[in-house]
Each structure stands twice: as structure tokens, then as C-alpha cells.
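Just so it is clear, none of the values below were taken in a lab; they were calculated from the coordinates. On a predicted model such as this, the values are computed, not experimentally measured, just so you know. Please note: Cβ atoms are built from the backbone with ideal geometry, for glycine as well, and neighbour counts cover all protein chains shown.
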């Protein structure tokens, strides 16, 4: 299909007077996702930093929300484009914890797992192995705490089409696959990703009963890495009980991501 | 927003601010938001209240009271509010403000996330709302009728800036978008306003496999409040203050801050049209709103000083 092309990246666009979106690339991938996080950190270091109220990294973009009353925002387009041009030559480090989350795959919790295995021409067992490979949570968005992830190593990635007509309801804790992205449904919500499993633990908790939710109702931050570890029905129930009783201990390892030019590494 | 929690806050931020200014309250203290329909409230103590935004024909013990002004009410009196005859979102403020729980820097209730406001949920019959200590005694009267009409009446035009995926729409359909009347669908809420009216034609855009298969699919990106997105190539949706913080549909534009508040006074069935402005126009519109609110603030401050002087 031939057609018009979108304006080339990078480009910045004001959305009203308060929001500015920077599109970095048209290529979905780990480098684009990490670049969005790099831009987020780099912009905060500029004179625009004081005007930033919020920022949302996308897979290939960064949305910034400013206090539009501050005059520095008049120069935001120029400053952001300058940061993007300089960023490729800079080294940036950001927090990238390794969080292991228990998941029950298949059966009632993952009714679309068989379809996903078939779509990727492999056995269900192989599909579950792939689903347990490390994920990069590049976006935490849509609903509170909902993590959108891509495989850290794209050769492990599975892929499946989204529902042609989205569900009106997705159970809390559902692990979904759409395209080559994994989504963790943090609250019950509509959804279109194939349902492959269910988290045994919450990733969003407005009432801070468990320690990781004391500072924030959301567990996962953009840039974190996740392992969606398979557990059986018995373990799933035991973990659920521990969560309910308030003594579940999350497996969260500290870590940092380093983006040097186009090279990504973790420590 | 970085964790998927929408910005939230009053749907009509201007009407909410006006309520607190009329009552001489501290900035941002909680008021009660009502959409389309009000309710019946029994006063448990003597206090001053003010209503702004949509006109739900408020009555105290059957006697109509004015919106946009402070009203003295006594314990045992009943405030009754009906269906909004004009506008949509109404705000009930009390001198001092209501007691509410703060979550992530906001007192507003985010129902989907179960946080903020009154136990993270909508009010139910029998709930008791408590007031905070008033800062001063507000002046009884109508210090803001003119400003209320200017700021809170339903708009006929919503202004927007051009969206980040403007190339998805050809010049003809873009022009049509800016001259056509759109109607607010009943399937609208704090998350989004669905519109009835012509959907702009979609240009076939060069895609990668990651863009998605729908005609207006884009790679998932952050959503600005006020974004006008074309969902599935079939529906025009304006994102409200409780919108999903990211999405994957092309945006033809984004409603300016001043008019995101005004959008809240468009009840289902209301018609309006879009008008393009640039960022300077958006900032100017915001300045105009701020000037009107400042007039109320100064008047309210002068009256408070005057009554304090008389008391002394």
C-alpha cells in the first residue's frame, strides 16, 4: 500500500499548551524504548526540568507535561530537539530492577495459551519457556501500574495478533500477549491482548499492605526487568494466601541499565 | 502519570476553582463533583455552601438558590439538586472544603483505580461528608454571577492544536473536521467523550508491522488529556482527565487546557464544533480564564478584609 509518510523522526508536537510529545523513531524495539527513557532522564537535567509535571515514555516516544505558566516552556521544542540530537553521543544510566513475578500459565487463567503456541508453531511447553525469558518493562501506562513489556532478547519473542474486537473485561492480574508485547493487567479493564496466564501477586495496590506498595501504589517502574516465573496451581494458591495475609516477600533485585550511544548493558 | 495513573482532578477545573474562590477557601480544597444529576443533602451543621458549573436547579427546603454565589445554610435544612438543565458537571463546595483523602497529590476520586476522594468511590446514600475549618466567613451574595456565566456555560466551540499524527488525515477531511458540528454521545464519561459526527477520512499511511493492523493504529505512546483520537478509524473520542495514560490510535488534535474544562459542561446530546488555534492561542485562552478567576479572588479578598475591619 503506497501512501503519505509521517514526518520524519525525531519530531516534536505540542498537544494543547501543556503537553509536548517527542517522537524518536518509527522502529519498535529495545533501543527505541531505552532511548525514550534516556530522553526522559536527559530532559530533566535541562532548564526545562523545573517545568516538568509528568512524563510518559512510549515505545518510540516521550510525552512531557509542563507547568505551562513557566516561560521556559516557550523554548521546549528547541530544547527537546537539542537534547535528542546530543543524546546519541551520551551515556545515561537509569534504574532497572529485576523483579520476579509468579504466574500460573494456561487453563482457566490463560485460555489463549494454546492459540499463542499454535501461532508461533511450537508446543505449549516451549511457549511457556519463552514467556519466562526476561522482559523489559518500557512502559507503565494505560491503567495504574499496567506494565507493557518487550522481550529483552528479541530472539525469544513470541508474537500473536490482538483480539479483532476487544474484550470489555479482562480479569485482574491477567498476563496478555499482543503483537510482540506483554501486558500485565493491573486492574480489571477492557483489553485486546491474548490471555496466556494470571499473576499470583498484585502489581497495583491502592492500600499499602505489602512493603513494595508503601511508597507507591504501583510496583513496576518504566525500565524495570521482569521474569514471569511459572508456578503450579498449589504454589499459586499458597502465594495468594501469603499476599492476603500480608507476608508475601517480593523478589526484587537492584539493577541499573546503561545506554552508551547505541549500546545497552545491565549491571 | 508515569505509572499509568491519570492526572484526574475536577472535570471542570475552572468551575471547581470558582467554587473555592467564592467561598474564600484555600486553593484546591475538596469540593463534591456531580455529573448530570445531583442529589439530596441534609445539612448537619450551619455552614456556607456554593454551587458552580452545571445548573441542577438547586433548592434549599424547596426555595431555589443561585448558582455561582455563597449561600448560608442551617443545620436541618435540605439541599436538593435535580438533573442538569444546562451544563453537565456541577460542584458543591463548603466554606473550608470537604474532608477527603489525598492520593498521589489529588483529592479527586479515581473510581477505576479505587483511590482518593471519599474511600476511593462515588458517594452513596447515607454517606456523611465532613467539612474542614473555614479560612474566613464568605460574603453572602452573588460576587461571581458574571464570571460564572463566562467560565461555566456550555461552549459552542472547543479549541485544539494540531495533533502529532495529522498526516493520517487529508486536507479535505481535516477541513471538514473543523467546520462540522459534533454531538456528545451518551457513552461518555470522565475517561473520554465519544462524539457522534463524521469521522475524518484516513489517508493510507506507510506502516511497519509494529504499527498495528487498524487504519488509525500507531505505536503505543503517552496520551495527553484533551487528545482527539480516531479509534479504529471509526470513532472520534476526546480524552478526559481519567483517560488511559497511553494509547495506540492516531490523534488529529488536542483540546487546549482552557477548553478541556469547558468540555465538561457538554452534556450528552450537546453539539459543538472544533476550532484550531496554536499554542500561543491556547496560552491566551488560559490567561483569560485566570483573569476572570482573579477578579473573583480580589473581590472576595476585599470583602473579607472589609468584614474583618468591621468586626474589629
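In plain terms, the bigger the Kirkwood radius, the slower the diffusion; for region B:48-151, with that radius from Cα pairs, at 25 °C and 0.890 mPa s, Stokes-Einstein puts D at 163 µm²/s.
Here, region A:57-124 has an Rg and a Dmax of 21.6, 58 Å when only alpha carbons are counted. Remark on chain A: ratio of C-alpha radius of gyration to 2.2 N^0.38 Å is 1.06. Which distance in Å, rounded to a whole number, links the C-alpha centroids of region A:1-67 and region B:216-265? For region A:1-67 versus region B:216-265, the Cα centre distance is 16 Å. Between region A:142-195 and region B:181-206, the alpha-carbon centres lie 25 Å apart. Among B:229, B:176, B:265, the residue with the largest mean-square fluctuation in a Gaussian network model of chain B, with springs joining Cα atoms closer than 10 Å, is B:176.
As a length-normalised measure over Cα pairs under 8 Å and 6 or more apart, the relative contact order of chain B settles at 21 percent.
As a footprinting exposure proxy, order A:198, A:97, A:256 by other Cβ within 10 Å, with the fewest listed first. Write out the running numbers ahead of the final one.
Details: A:198 21, A:97 18, A:256 13.
Going from least to most buried by this count: A:256, A:97, A:198.
Please order B:79, B:18 by the number of other Cβ within 10 Å, starting at the fewest. Going from sparsest to densest Cβ surroundings: B:79, B:18.
Kirkwood hydrodynamic radius (Cα pairs, Å) of the protein assembly as shown?
Working: mean 1/r = 0.0395 Å⁻¹.
Computed over the protein assembly as shown, the radius equals 25.3 Å.
Of the residues B:92, B:123, B:36, the one that moves most in a GNM of chain B with alpha-carbon contacts below 10 Å is B:123.
Per the helix-only calculation at 222 nm, which mean residue ellipticity applies to the protein assembly as shown, given -39500 (n - 2.57) for every DSSP H run of n ≥ 4 and division by its residues, nearest 500 deg cm²/dmol? List each step's numbers first, then the result.
Numbers: 10 runs with 122 residues, N = 579.
Calculated mean residue ellipticity at 222 nm is -6500 deg cm²/dmol.
Quick one: work out Rg over Rh on the C-alpha atoms of chain B, Rh as Kirkwood radius. It would help to have the intermediate numbers written out before the result.
On the way: Rg = 20.9 Å, Rh = 20.6 Å.
Looking at chain B, the ratio lands at 1.01.
Highest GNM mean-square fluctuation among A:123, A:221, A:165, for chain A modelled with Cα contacts below 10 Å: A:165.
Counting partner chain Cβ atoms within 10 Å of every residue's Cβ in B:236-249, what's the average? Please report the intermediate quantities before stating the final value.
Working: counts 0, 0, 0, 0, 0, 0, 0, 1, 6, 10, 13, 3, 7, 0.
Rounded to a whole number, the mean comes out at 3.
Entry note, chain A: relative contact order of 21 percent, from Cα contacts under 8 Å with a spacing of 6+ residues.
Is region A:124-267 rounded, prolate or oblate when judged by the Cα gyration tensor, a ≥ b ≥ c being the square roots of its eigenvalues, rounded requiring a/c under 1.5 and prolate requiring a/b larger than b/c? Walk me through the numbers before you get to the answer.
Working: a/c = 1.42, a/b = 1.10, b/c = 1.29.
Taking the square roots of the gyration eigenvalues as a ≥ b ≥ c, region A:124-267 is rounded.
Between helix B:13-22 and chain B there is an angle of about 10 degrees, using the helix long axis and the longest principal axis of the Cα atoms. Taking Cα atoms only, the orientation of helix A:233-245 departs from the longest principal axis of chain A by about 60 degrees.
Helix A:76-87 and the long axis of chain A differ in direction by around 70°, with both axes built from C-alpha atoms. Using C-alpha pairs below 8 Å separated by at least 6 residues, the relative contact order for region A:1-131 is 20 percent.
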